[in-house]
Amino acid sequence: MLRTENLTIRFGGHVAVDAVSCQFAPGTLTAIVGPNGAGKTTYFNLISGQLKASAGRVWLNDVELSGLPAPIRTRHGLGRAFQLTQLFPSLTVLENVRLAVQAQRDGAHRRGLNIWSIASDHRALTDQAAAIVEQVGLASRAQAIAASLPHGDQRKLEVGILMALDPKVYMFDEPTAGMSVDDVPVILDLIRKLKQRADRIILLVEHKMDVVSELADRIVVLHNGQLVADGEPATVMASPIVQEAYLGVAVA
């Protein structure tokens, strides 16, 4: 179980996330939606450790993550994909994924990541990385330098890195942003496959409501930093407060 308790952050006099308490259970994909500036990505940043909370706490199972930096939270099982891709730009596609495979293996054995220990003769690591590269549709680009990839392929690679880390919690921040119509189904299929794992939590920030309605088991709505709705997709999207806050529909 991932949960936040009164999670809050203030920037000067502005409260970007306002005492949000929420729980997320394994086997569930939760979409976090809301209008621009609602605090969705900021809430993600507080959970994953990119931002330090002004107040509140974050728990994953029985471990409190509050105050821990992002890399340590990753070791505890939080996996994050960003709106802007986070890659090793000078390494190949395969090398990027292989580093993540190595990190996951070393973490499981309570060892630090030793980049220099990764060599081409580590067949098991390479084979595992190659299988993930194929899953994300980049087998033909395995030896391409990450920086040379078009945006859509970089997004696929980032999802591949996240899969290689095998986190307990998958956090996708607009995974289809900027992707071509042809590339979007690949990412959505990968997320559908991850949903089949009943022991994993998936959080999704997404503006495309067709994607949300297709994938989400639950919708959480933020507005002005506050949690204003939480429940099954059909019920949440039909509520007057959501139609007014998110869809811009004036409701009496």
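Let me have the 222 nm mean residue ellipticity of the chain computed from DSSP H runs of 4+ only, each contributing -39500 (n - 2.57), with the sum over all residues rounded to the nearest 500. If you can, show how the numbers build up before the last one.
Working: 9 runs with 91 residues, N = 252.
Calculated mean residue ellipticity at 222 nm is -10500 deg cm²/dmol.
Calculate, in nm to one decimal, what T235 and D62 gain on full extension: separation in residues at 0.36 nm each, minus their alpha carbon distance. Intermediate values should be presented prior to the final figure.
Numbers: separation 173, 0.36 × 173 = 62.28 nm, distance 3.11 nm.
Using 0.36 nm per residue and subtracting the Cα-Cα distance, I get 59.2 nm.
Mean shadow of segment 1-102, computed from the convex hull of its alpha carbons, in nm²?
Working: hull surface 31.8 nm².
Averaged projected area of segment 1-102's Cα convex hull equals 8.0 nm².
I want to verify the translational diffusion coefficient of the chain in µm²/s; compute it with Stokes-Einstein, Rh as the Kirkwood radius over Cα pairs, at 37 °C and 0.692 mPa s.
Values: Rh = 18.9 Å.
Value of D from the Cα-based Kirkwood radius: 174 µm²/s.
Nearest 5 is fine: what % of DSSP beta bridges in the chain come out antiparallel, could you say?
Working: 20 of 37 bridges.
Bridges in the chain that DSSP calls antiparallel: roughly 55 percent.
Which of P233, P71, P175 ends up with the largest GNM mean-square fluctuation for the chain, with Cα atoms connected below 10 Å?
Comparing P233, P71, P175 in the GNM, the peak value goes to P71.
Can you tell me which of K193, K52, K156 moves the most in a GNM of the chain? Springs connect C-alpha atoms under 10 Å apart.
Of the options given, K193 has the highest mean-square fluctuation.
Too long at a 22 Å Cα-Cα cut-off: which of K40/K193; K52/K195; K52/K156; K52/K193; K40/K208?
Details: K40/K193 24 Å; K52/K195 29 Å; K52/K156 29 Å; K52/K193 32 Å; K40/K208 14 Å.
In this structure, K40/K193; K52/K195; K52/K156; K52/K193 exceed 22 Å between Cα atoms.
In segment 112-238, how does Rg compare with the Kirkwood Rh, expressed as the Rg/Rh ratio over alpha carbon atoms? Don't jump to the answer; show the numbers that get you there.
Values: Rg = 17.1 Å, Rh = 16.6 Å.
Radius of gyration over Kirkwood radius for segment 112-238 works out to 1.03.
Provide the solvent-accessible area of V101, counting protein heavy atoms only and rolling a 1.4 Å probe, rounded to the nearest 10 Å².
0
Farthest toward the dipole's positive end in the chain, which of L60, A216, L190, given Cβ charges of +1 (Lys, Arg) and -1 (Asp, Glu) about the Cα centre?
Farthest towards the positive pole: L60.
Given a 1.4 Å probe and heavy atoms of the protein chains only, how would you sort E214, E232, largest accessible area at the top? Could you put the intermediate results ahead of the total?
Working: E214 100, E232 125 Å².
Ranked list, largest accessible area first: E232, E214.
Between segment 31-60 and segment 143-219, how far is it from one alpha carbon centroid to the other, in angstrom?
A separation of 19 Å, based on Cα centres.
Full-extension gain between K193 and D217, please, as 0.36 nm times their residue separation minus the C-alpha to C-alpha distance. Don't skip to the end; give the middle numbers.
Values: separation 24, 0.36 × 24 = 8.64 nm, distance 1.43 nm.
The span from K193 to D217 would gain 7.2 nm if fully extended.
Angle check, please: helix 184-195 long axis (alpha carbons) against the longest principal axis of the chain (alpha carbons), in degrees 0 to 90, nearest 10.
Its long axis makes an angle of about 90 degrees.
The values are calculated or read from the model by the stated rules, or taken from the named source; none is laboratory data. Since the structure is predicted, the reported quantities are computational estimates derived from the model, not experimental observations. Please note: Cβ atoms are built from the backbone with ideal geometry, for glycine as well, and neighbour counts cover all protein chains shown. The protein model used for the area step is the full one, side chains on, heavy atoms only, and it has no ligands, DNA or RNA in it. Shrake-Rupley method; radii C 1.70, N 1.55, O 1.52, S 1.80 Å.
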